[in-house]
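Each remark here refers to the structure printed beneath this line.
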Ligand code: UT7
């Protein structure tokens, strides 16, 4: 779809809690091993929030990082979208908390929930607002602190997730500048909602003031094997579709920036797409699955490590709870304004 105004990504940032939880730490909690976690997931360690840290705190730090990268005035931001499944509160939204904290005095703000695909959904909304000439500058944040919803006695899930935040800034292309958000593709399949869920948290659970039986606790549940198969199909399908929408071939991608759930998924999906690992961004070993944060956190890291050097055509691809999945093709030309 051709929108009247082009869009560019001009900033990226990230924030993670300082506390590191290693696989050896988890060996003390559940019947697992560093060897199992590393070979089945590629994860070595993850970050976990302390009691006084929150989703909004990480989101604010990531936002400030991206604002510094882009070299923009927070007062120039028109809209803040926070993609999260683990907000501080039902309301105020985490986006409103960010808006107040960073001094984005003109910005409207809201949260969006599409689990690990949240940032792709948020980028799509940002592109629509910019493309229709409604807004010039949009701050997109993905943040999740799944550690608050993990059952630390369940080895099937507690070894997989980490906490973090990532942010991206999208701006309207000025006269003479190219459109750099080339295509976006979004999908959902609610029939698979039960495969990955945090039940008993919302209003469907009517006894909010009574203690639920243990089995009813508000823990993350996942059918890992089925979600694994879903991801192996969803990633190639989304990448091929978003490339076709951008009138390009998969070979034209300089970097694949996939959701960081499991190194084996990343390897297998890249192989199916014929993309060599030198073109694939991954930091799952260091942070685990940070859900909505994972794509901007991976991109931010790859730029900091100088793996991704502009100009680069990047395919961002996400999948997760909902079920949801989606992808975006962006040209990354932005330079870090902090030098
Ligand atoms: O962002 C959301 C998207 N989420 C994902 O993409 C996750 C997708 N799924 C996965 O990444 C993988 O399915 C897992 C990493 C969750 C599991 O890997 P797997 O190779 O599919 O293992 P499995 O579920 O088939 O389990 C194999 C065995 C089981 O034992 P039995 O039944 O064969 O005796 C599990 O109980 O491994 C056992 N197991 C563990 N063993 C040691 C499961 N978790 C652990 C563990 N440590 N932490």
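The values are calculated or read from the model by the stated rules, or taken from the named source; none is laboratory data. All values derive from a computational prediction rather than experimental measurement. For neighbour counting, all protein chains shown are included, and Cβ atoms are generated from backbone atoms with ideal geometry for every residue, glycine included.
Among all residue pairs at least 6 apart or on different chains, which show Cβ distances below 7 Å where the first residue, located in segment 144-171, is more than 24 Å from residue 199 (Cβ to Cβ) and the second is part of a loop (DSSP other than H, G, I, E, B)?
The qualifying pairs are 169/72; 171/136.
Take the conditions out of contact with any strand residue (DSSP E or B) (no Cβ under 6 Å at 6 or more places or on another chain), part of a helix (DSSP H, G or I), more than 14 Å from the ligand (Cβ to nearest atom) and not assigned by TED's automatic domain parsing to the domain that holds residue 120 and apply them to residue 269. Does it pass?
It is false that residue 269 is out of contact with any strand residue (DSSP E or B) (no Cβ under 6 Å at 6 or more places or on another chain), part of a helix (DSSP H, G or I), more than 14 Å from the ligand (Cβ to nearest atom) and not assigned by TED's automatic domain parsing to the domain that holds residue 120.
Within segment 231-266, track down each residue that is touching a residue at least 40 places away in the same chain (Cβ under 8 Å), surrounded by 20 or more Cβ atoms within 10 Å (Cβ to Cβ) and assigned to a helix (DSSP H, G or I).
231, 234, 235, 238, 239, 242, 243, 266
Could you tell me whether residue 19 is over 26 Å from residue 138 (Cβ atoms) and within 16 Å of the ligand (Cβ to nearest atom)?
When the stated conditions are applied, residue 19 does not pass them.
Quick one: would you say residue 299 is part of a helix (DSSP H, G or I), touching a residue at least 40 places away in the same chain (Cβ under 8 Å), within 23 Å of residue 162 (Cα to Cα) and under 16 Å from the mean Cα position of the chain (by Cα)?
Yes; evaluated as a whole, the condition is true for this residue.
Here's the yes/no breakdown for (1) surrounded by 18 or more Cβ atoms within 10 Å (Cβ to Cβ); (2) without any contact (Cβ under 8 Å) to a residue 40 or more places away in the chain; (3) in the same structural domain as residue 166 (by TED's automatic domain parsing); (4) out of contact with any helix residue (DSSP H, G or I) (no Cβ under 6 Å at 6 or more places or on another chain):
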| position | (1), (2), (3), (4) |
| --- | --- |
| 13 | yes, no, yes, no |
| 70 | yes, no, yes, yes |
| 84 | yes, no, yes, no |
| 99 | yes, yes, yes, yes |
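I'm trying to understand the selection: among the residues of segment 227-259, which are within 12 Å of the ligand (Cβ to nearest atom) and in contact with a strand residue (DSSP E or B) (Cβ under 8 Å, 6 or more places away or on another chain)?
Across segment 227-259, the qualifying residues are 227, 230, 231, 234, 235, 258, 259.
Residue 22 versus (1) within 15 Å of residue 144 (Cα to Cα); (2) exposed (fewer than 15 other Cβ atoms within 10 Å of the Cβ): which is the lone unmet condition?
(1)
Does residue 134 satisfy the condition of being within 16 Å of the ligand (Cβ to nearest atom) and either over 26 Å from residue 311 (Cβ atoms) or not in a strand (DSSP E or B) (or both)?
no
Provide a single number: the residues in segment 38-59 that are in contact with a helix residue (DSSP H, G or I) (Cβ under 7 Å, 6 or more places away or on another chain), crowded, with 23+ Cβ neighbours inside 10 Å and in a helix (DSSP H, G or I).
The qualifying residues number 3.
Before we move on, is residue 80 within 16 Å of the ligand (Cβ to nearest atom) and either out of contact with any helix residue (DSSP H, G or I) (no Cβ under 9 Å at 6 or more places or on another chain) or at pLDDT 95 or above (or both)?
Judged against the criteria, residue 80 is not a match.
Does residue 94 qualify as being within 14 Å of the ligand (Cβ to nearest atom) and not assigned by TED's automatic domain parsing to the domain that holds residue 296?
So residue 94 does not fit the description; no.
Could you look through segment 148-205, keep only residues that are in the same structural domain as residue 82 (by TED's automatic domain parsing), in a helix (DSSP H, G or I) and under 22 Å from the mean Cα position of the chain (by Cα), and pick out the one that is nearest to the ligand (Cβ to nearest atom)?
156
So residue 32 passes all but one of these: (1) more than 16 Å from the ligand (Cβ to nearest atom); (2) within 27 Å of residue 200 (Cβ to Cβ); (3) part of a loop (DSSP other than H, G, I, E, B); (4) out of contact with any strand residue (DSSP E or B) (no Cβ under 8 Å at 6 or more places or on another chain). Which condition number does it fail?
For residue 32, the failing item is (1).
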